[in-house]
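Before any comments, here is the structure.
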Amino acid sequence: MIRRIRGGDEGMSTAEYAVGTIAAAAFAGLLYTVVTSDAVTEALTSLLRSALSREIG
């Protein structure tokens, strides 16, 4: 009943978009840091070499 009087709360406001964008950028930066670390790069390289060196059949 109160929502009908006040109006709907559908969608996000500009401030919520800004906070969401900042959070997404921070997460992307953290993910980039983790993925490009030496340990992860070495593990992925090893995994790919292992997968490509196996014989089919």
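The values are calculated or read from the model by the stated rules, or taken from the named source; none is laboratory data. The structure presented is a predicted model; accordingly, all values stated were derived computationally and were not measured. These area figures cover heavy atoms from the full protein model, side chains too; ligands, DNA and RNA do not enter into them. Shrake-Rupley method; radii C 1.70, N 1.55, O 1.52, S 1.80 Å.
List of remarks:
- The set of residues in segment 32-57 that are among the hydrophobic types (A, V, I, L, M, F, W, C) and open to solvent by 100 Å² or more (accessible area, probe 1.4 Å) comprises L47, L48, L52, I56.
- When residues of segment 27-57 are limited to those that are of a type in the set (G, A, S) and part of a loop (DSSP other than H, G, I, E, B), the one modelled with the lowest pLDDT: G57
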